[in-house]
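**Q** My structure is below; once you've seen it, I'll send some questions.
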Amino acid sequence: MIERISVEVTNRCHKGCAFCYSSSNPEGESRWTSDDLVAFAADCAAHGVRAMSLGGGEPLEWAPLLDVLARTRGLLFRSMTTNGLLLDEGRLDALAAPAVAPDKIHVSIHFPERELEVRRAIQRCAAISARGIKSGVNLLVRRSGLEAARRAAEALAAAGIGPERIVYLPMRGEDTPSPEEVARVAGGARFQSMSCLGGCARSPRFCSIGWDRSVAWCSYTGARRTLAAPTWAALVEALDGDGGLGLTFCGADGALLPLRKASA
């Protein structure tokens with residue numbers, strides 16, 4: 001039973017990280033309209049979906065964001081992930097408006113070796129929390145940058161951002177750390193990461209929908225199908241039709257050993 005959906009509202013992002021799984025770039029686009037995404041969220045909520053996360057790309061570069069947040073308020077738990085570059089005081093005030101405010105905002109740290117980026121995430125989290133919205137951090141971990149990621153985690157902890165507010169995301173495609181390396185970055189204590197950290201397998205409770213309205217069991221796999229309509233029935237058909245949608249392993253060889261490989 002799908003309980004959580006992740007929706008990439010756009011692949012537009014001026015940060016343009018080379019490793020981005022959605023190939024985000026400054027000229028990115030979206031095939032979502034405000035009306036379609038609201039209708040999709042409402043239909044999914046009516047069929048048991050409890051949470052929707054909005055990402056990209058950079059969701060703050062998608063014009064209908066505030067409208068969608070306002071129109072889905074009360075339907076389900078709404079979170080969003082941002083790189084924080086556009087999260088200035090004015091945009092924060094607009095996001096925090098009572099009729100709009102998401103239930104949680106996560107700020108990404110893509111380059112933990114960059115002190116400015118770590119400081120920005122800490123500052124943005126403090127500003128988000130000050131407006132009554134839950135905040136957290138998505139910390140990208142590379143095998144080649146384990147020490148930088150560990151220092152970033154220590155800086156977050158020193159700022160009062162504990163493990164319950166940090167999600168450790170292993171780099172995909174290449175430079176992928178092992179589960180043990182991610183655990184060491186997190187300090188050896190309990191930590192949050194992706195459900196597939198130990199191997200490639202679908203979660204029966206989660207799926208991802210791209211900026212191009214393609215459906216997958218996770219955000220990283222290349223096995224995808226097009227959502228025929230913004231409805232729950234179309235989502236189920238994309239995931240389960242014709243024998244079921246598979247997965248393609250997205251990690252580096254020898255890092256996260258796949259439990260299963262499949263294709264659409």
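**Q** Kindly indicate whether GLY56 is within 16 Å of the chain's Cα centre (by Cα), of a type outside the set (Ser, Thr, Tyr) and not assigned by TED's automatic domain parsing to the domain that holds ARG131.
**A** Yes.
**Q** In addition: Can you pull out every residue in segment 44-60 that is surrounded by fewer than 22 Cβ atoms within 10 Å (Cβ to Cβ), in a loop (DSSP other than H, G, I, E, B) and touching a strand residue (DSSP E or B) at 6+ places or on another chain (Cβ under 8 Å)?
**A** Correct list: ARG50 only.
**Q** Can I ask one more? Pick out the one residue from GLY173, GLY145, GLY187 that is surrounded by fewer than 20 Cβ atoms within 10 Å (Cβ to Cβ), farther than 17 Å from PHE19 by Cβ and either in contact with a Leu (Cβ under 7 Å, 6 or more places away or on another chain) or not assigned by TED's automatic domain parsing to the domain that holds MET1 (or both).
**A** GLY187
**Q** Looking only at segment 194-222, how many residues end up being among the β-branched types (Val, Ile, Thr) and not in a loop (DSSP other than H, G, I, E, B)?
**A** 2
**Q** What is the one condition in (1) buried (at least 17 other Cβ atoms within 10 Å of the Cβ); (2) within 24 Å of PRO230 (Cβ to Cβ); (3) of a type in the set (Gly, Ala, Ser); (4) touching a residue at least 40 places away in the same chain (Cβ under 8 Å) that ALA41 does not satisfy?
**A** So ALA41 meets the others, but not (4).
**Q** Kindly indicate which of LEU75, LEU139, LEU65 is crowded, with 19+ Cβ neighbours inside 10 Å, out of contact with any His (no Cβ under 8 Å at 6 or more places or on another chain) and closer than 19 Å to ALA41 by Cβ.
**A** LEU65
**Q** Additional query: Just for segment 223-250: of the residues that are of a type outside the set (Ser, Thr, Tyr) and closer than 17 Å to PRO170 by Cβ, which one is modelled with the highest pLDDT?
**A** LEU247
**Q** Another question, then. Within the set of pairs 6 or more residues apart or between chains, which connect a residue that is surrounded by 23 or more Cβ atoms within 10 Å (Cβ to Cβ) inside segment 200-220 to a residue that is at pLDDT 90 or above and of a type in the set (S, T, N, Q) with Cβ atoms less than 6 Å apart?
**A** Short answer, once both residue conditions are applied: TRP211/THR10; TRP211/ASN11; TRP211/SER30; ALA216/SER208.
**Q** Please work out which one of (1) under 29 Å from ARG12 (Cβ atoms); (2) among the small types (Gly, Ala, Ser); (3) modelled with pLDDT under 95 is the condition ALA149 fails and give its number.
**A** (3)
**Q** Separate question: What is the one condition in (1) surrounded by 19 or more Cβ atoms within 10 Å (Cβ to Cβ); (2) more than 16 Å from ASP103 (Cα to Cα) that ASP36 does not satisfy?
**A** (1) is the only condition that ASP36 fails.
The values are calculated or read from the model by the stated rules, or taken from the named source; none is laboratory data. Just so it is clear, the model here is predicted, and its values are computed rather than measured. For neighbour counting, all protein chains shown are included, and Cβ atoms are generated from backbone atoms with ideal geometry for every residue, glycine included.
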